[in-house]
Each structure stands twice: as structure tokens, then as C-alpha cells.
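**Q** My structure is below; once you've seen it, I'll send some questions.
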Amino acid sequence: MAIRLIVQMAAKPGKLDELVERFNVRISEVVKEKGCEQYELYRSTERPDQLVLLERWTDEQSLEDHLEMNRQRGSNVSDLRSGDTILERYNIDD
């Protein structure tokens, strides 16, 4: 069963462009990971510093492998984000 991950975040004031650039580098790496079907970043048209990351993984194991790689690698964007990052998982019944 495929997994959809929706990650909502806000950039610190004046840091949006830098945050997006770091994600663009990261996106080019993540889309090559086994099981990654989608990893795309979107900017809000209504709230200037808001971003959402849409992820789709073929299965739970692929997502868990990705999350473990993130833990080992450490975050290179936390210093650019403001407030809480909201992460929601959804099962996709194909």
C-alpha cells in the first residue's frame, strides 16, 4: 500500500528563498531513493512564508528507510524554518 506524506512548514522571515534552494538540492537526491514516487515542494500563494512538501512512497518500508536516512544525515533546513512542522501520513488504497 502506497503512503502519502504531507509536510507543512514555514520559513523564518527573510529565509524562504534559502530554504527553497536547500530543498531543491535535497529533492534531486531523494527522488533517486528506492520507493520514492513523488517528492515535491510547493509555496503557498496566500501565505508568503508557508511551504508544503508532498511525498509519495511505494510502501511503508520505503518511507521508513527514507526517514532513517534523514535521521542519520541530520537536518540542513531546521535553522531556516519557523514554528512547528506538521507531518501527516495517509494510506493510499490503489
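**Q** Hey, can you rank 77-88, 15-26 by average C-beta count inside 10 Å, highest first?
**A** Going from most to least packed, we get 15-26, 77-88.
**Q** Checking the cross-link filter: which aspartates and glutamates have an alpha carbon closer than 15 Å to that of Lys34, excluding same-chain neighbours under 8 positions apart?
**A** Straight-distance partners of Lys34: Glu55, Asp59, Glu60, Glu64, Asp65, Glu68.
**Q** Which option, (i) 1.07; (ii) 1.58; (iii) 1.95, is the value of Cα Rg over 2.2 N^0.38 Å that was calculated from these coordinates?
**A** (i)
**Q** Cβ under 13 Å from Phe23's Cβ, Phe23 left aside: what net charge do those residues give with Lys, Arg +1 and Asp, Glu -1?
**A** Here the charged neighbours net out to -1.
**Q** Let me ask something additional. When the chain is modelled as a GNM with alpha-carbon springs shorter than 10 Å, which of Glu64, Glu46, Glu37 fluctuates the most?
**A** Between Glu64, Glu46, Glu37, it is Glu46 that shows the largest mean-square fluctuation.
**Q** If you don't mind, there's one more thing I want to ask. Per the helix-only calculation at 222 nm, which mean residue ellipticity applies to the chain, given -39500 (n - 2.57) for every DSSP H run of n ≥ 4 and division by its residues, nearest 500 deg cm²/dmol?
**A** Calculated from helices alone, the mean residue ellipticity at 222 nm is -10000 deg cm²/dmol.
**Q** In nm, what is the difference between 0.36 nm times the number of residues separating Arg47 and Tyr90 and their Cα-Cα distance?
**A** Here the answer is 13.1 nm.
Readers should treat all values here as calculations from the given coordinates under stated rules, not as data from a laboratory. Predicted model, so just to flag it, every value in this text is computed and none were measured. Note that we place each Cβ from the backbone using ideal geometry, even for glycine, and neighbour counts take in every protein chain shown.
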